[in-house]
Amino acid sequence: MNPAQKHQTWWDVAMFENASDGKVLETFFQDKGFTSRTYDDKVLRYFLFLRPPRVTYRVQVGQNDFGGATELLRSRAPEILDRALHCPSCGSLLVNYPQMT
């Protein structure tokens, strides 16, 4: 990871229960020229007690790539998105835990 990636703002694009599924989407974005990573927010889970019901891995893109990445998903979504966590109400990929305090 280069120093520019280390200090940039990351935005969530999708969340998976399996790290390898997240890596597939991360590779998809990188092949299209977007800066992306698969992130496990274990610090929040362990120390701040903000635990989702299961371990989750977030696929994130750099703040400057977010608009292009979401457009790419709308136009040519890879099959791996079927395994991503979706909102049960609206089907959105933008799911955050915890939903209530």
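For the stretch 58-101, which positions are among the aromatic types (Phe, Trp, Tyr) and either modelled with pLDDT of 85 or more or in a strand (DSSP E or B) (or both)? Matches in the stretch 58-101: PHE66 only. The number of residues in the stretch 16-40 that are part of a loop (DSSP other than H, G, I, E, B) and within 17 Å of ASN64 (Cα to Cα) comes to 4.
The values are calculated or read from the model by the stated rules, or taken from the named source; none is laboratory data. Please read all numbers here as calculations on a predicted model, not as lab measurements.
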